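Just so it is clear, none of the values below were taken in a lab; they were calculated from the coordinates. Worth saying up front: this structure is predicted, and the values here are computed from it rather than measured. In this analysis, Cβ positions are derived from the backbone assuming ideal geometry, glycine residues included, and neighbour counts consider all displayed protein chains.
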């Protein structure tokens, strides 16, 4: 599956159309949070549970996914199966998780 990446130029070209959408502010907030969690705005510290937890608590799928994996593996956080299960379930309930599963099936 070859998916074209959205570039800075694309964003500026479509800015007016995007900014007039009824949910523009909410979508922009999620987009910026996505960039931050992926480490695109500032360097990320994988041991900083508070940053991932805050994003995860706001319903951000990638943060929830990273948090459950970190708890499961004890990767930068204390290994905790209960916390891993909690965050796994929250991530699995996200629409993003459903889309990823469908895409992986071809």
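Could you order the peptides 84-93, 12-21 from most to least packed, using the average number of other C-beta atoms within 10 Å per residue?
Packing proxy ranking, top to bottom: 84-93, 12-21.
Can you sort 35, 69 by how many other beta carbons sit within 10 Å, fewest first?
Lowest to highest Cβ neighbour count: 35, 69.
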